[in-house]
Amino acid sequence: MVTLFEGAFAKLNLTLDVLGKREDGYHDIKSIMQAVSIRDDIEIDIGTGLPWSLSCDKEDVPTDQRNLAWKAAEVFCDATGKDPDGLAIRITKRIPMEAGLAGGSADAAAVLRALNKHYDSPLSILALAELGARVGSDVPFCVLCGTAMAEGRGERLRKLPDMPDCFFVVCKPEFSSSTPELYRQIDESVIGKRPDHQAVESALIAGDLGKIAENLCNVFDPLVTKDHLEINYIKSIYNSYGSVGQQMTGSGSAVFAIVESFEYAAVICNMLKDNYPQVYICKPV
Ligand code: ATP
């Protein structure tokens with residue numbers, strides 16, 4: 001039996017636009033995504049000789065075929081014809097759930113990377129990302145990590161220059177928002193401000209953190225904020241203590257700030273931690 005270890009990294013949306021509903025029921029999006037160092041740990045025992053199993057240190061996470069990590073292992077074995085002869089997946093969960101941080105997708109992507117490495121890379125990283133789309137829309141990006149433009153359902157990826165050196169603060173309020181409900185609302189509303197992806201891409205090329213921060217834009221942010229004003233409260237703390245830009249990620253409810261130094265990040269955490277136990281400092285990865 002062999003045990004594999006792999007990190008699963010959360011994602012933030014620097015920009016997120018919803019372009020329209022497709023015939024298959026999914027939405028076309030356009031988003032600049034950033035992987036960050038908030039991570040789950042994935043361990044996989046291969047060759048247990050037993051039926052597949054999955055465990056997680058956190059309640060509420062499905063421990064059967066519904067878990068995206070399990071699905072990823074199935075999809076990998078189907079696509080490559082590999083038979084691990086018994087597989088046990090263990091997840092140590094740190095990425096807050098239902099936060100817009102793609103925690104489940106990150107776990108799935110980590111399983112794909114780990115299995116691909118174990119079998120001496122039968123798939124290129126791009127083929128592996130493409131395979132991830134069978135598991136979930138954010139999985140391809142989570143396979144790739146770094147900074148990338150995602151289009152289509154999220155499966156069409158283009159690598160962008162790395163984010164300039166900075167820290168992120170990520171705060172997950174108690175409430176969670178429903179992604180399907182938000183897509184329904186967005187179909188019925190006129191989107192006000194849309195992201196200028198080109199401005200963010202140019203700022204990434206120039207390594208201009210201020211310009212990236214200035215152009216953060218997520219079309220879900222105002223929709224969630226109108227029903228949950230505490231998003232504005234969290235942003236006001238960010239803004240008062242050194243953030244250069246702040247925004248909700250994905251369909252929420254986590255809100256992040258970009259800060260230039262660890263000292264600013266630490267002060268912000270201190271200001272929020274009594275009301276918000278789920279507050280994290282992380283870096284781009
Ligand atoms: P996204 O940004 O992709 O919308 P999210 O952060 O909002 O993701 P997740 O934390 O990924 O949401 O999980 C959403 C749901 O997916 C959970 O409620 C859980 O039932 C299910 N799920 C399946 N696999 C996993 C996994 N490995 N980890 C966490 N949740 C999982």
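The values are calculated or read from the model by the stated rules, or taken from the named source; none is laboratory data. Since this is a predicted model, take the numbers as computed values, not measurements. So basically every Cβ, Gly included, is an ideal-geometry build from the backbone, and we count neighbours across all protein chains shown.
Summary table below
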quantity: Residues that are more than 6 Å from the ligand (Cβ to nearest atom) and either at pLDDT below 95 or surrounded by fewer than 19 Cβ atoms within 10 Å (Cβ to Cβ) (or both), drawn from the stretch 94-107; calculated: ARG94
quantity: LYS211 being surrounded by fewer than 19 Cβ atoms within 10 Å (Cβ to Cβ) and at pLDDT below 95; calculated: no
quantity: Qualifying residue in the stretch 162-173 (condition: part of a loop (DSSP other than H, G, I, E, B) and either of a type in the set (A, V, I, L, M, F, W, C) or at pLDDT below 95 (or both)); calculated: yes
quantity: Every pair of residues 6+ apart whose Cβ atoms lie under 8 Å, when the first sits in the stretch 62-75 and is more than 10 Å from the ligand (Cβ to nearest atom) while the second is assigned to a loop (DSSP other than H, G, I, E, B); calculated: ALA73/TRP52; ALA73/PRO84; GLU74/GLN65; VAL75/ARG134; VAL75/VAL135
quantity: Within the stretch 240-266, considering residues that are in a helix (DSSP H, G or I) and of a type in the set (Ser, Thr, Tyr), the one surrounded by the most Cβ atoms within 10 Å (Cβ to Cβ); calculated: TYR264
quantity: Condition check for THR15: polar (S, T, N, Q), more than 16 Å from the ligand (Cβ to nearest atom) and part of a strand (DSSP E or B); calculated: no
quantity: Yes/no for GLU43 being surrounded by 15 or more Cβ atoms within 10 Å (Cβ to Cβ), more than 10 Å from the ligand (Cβ to nearest atom) and more than 25 Å from ASP162 (Cα to Cα); calculated: yes
quantity: Which listed residue, of ILE191, ILE186, is among the aliphatic types (A, V, I, L, M), more than 20 Å from SER37 (Cβ to Cβ), surrounded by 17 or more Cβ atoms within 10 Å (Cβ to Cβ) and modelled with pLDDT under 95; calculated: ILE186
quantity: Members of the stretch 182-202 found to be farther than 30 Å from ASP274 by Cα and either in a helix (DSSP H, G or I) or not assigned by TED's automatic domain parsing to the domain that holds ASN232 (or both), listed by number; calculated: TYR183, ARG184, GLN185, ILE186, ASP187, GLU188, HIS197, GLN198, ALA199, VAL200, GLU201, SER202
quantity: Filter pass, ILE89 being outside the structural domain of VAL200 (by TED's automatic domain parsing), within 12 Å of the ligand (Cβ to nearest atom), surrounded by 20 or more Cβ atoms within 10 Å (Cβ to Cβ) and over 20 Å from the mean Cα position of the chain (by Cα); calculated: yes
quantity: Selected residue [of a type in the set (A, V, I, L, M), away from the ligand (no atom under 16 Å from the Cβ), touching a helix residue (DSSP H, G or I) at 6+ places or on another chain (Cβ under 8 Å) and closer than 22 Å to MET97 by Cβ] from VAL224, VAL169; calculated: VAL169
quantity: Top-ranked residue of the stretch 108-142 - restricted to ones that are under 23 Å from LEU16 (Cβ atoms) and either away from the ligand (no atom under 14 Å from the Cβ) or of a type in the set (Lys, Arg) (or both), ranked as nearest to the chain's Cα centre (by Cα); calculated: ALA129
quantity: Residue within the stretch 123-135 that is polar (S, T, N, Q), out of contact with any helix residue (DSSP H, G or I) (no Cβ under 7 Å at 6 or more places or on another chain) and modelled with pLDDT of 95 or more present; calculated: yes
quantity: Test set (1) touching a strand residue (DSSP E or B) at 6+ places or on another chain (Cβ under 6 Å); (2) assigned to a loop (DSSP other than H, G, I, E, B) - ALA88 fails condition number; calculated: (2)
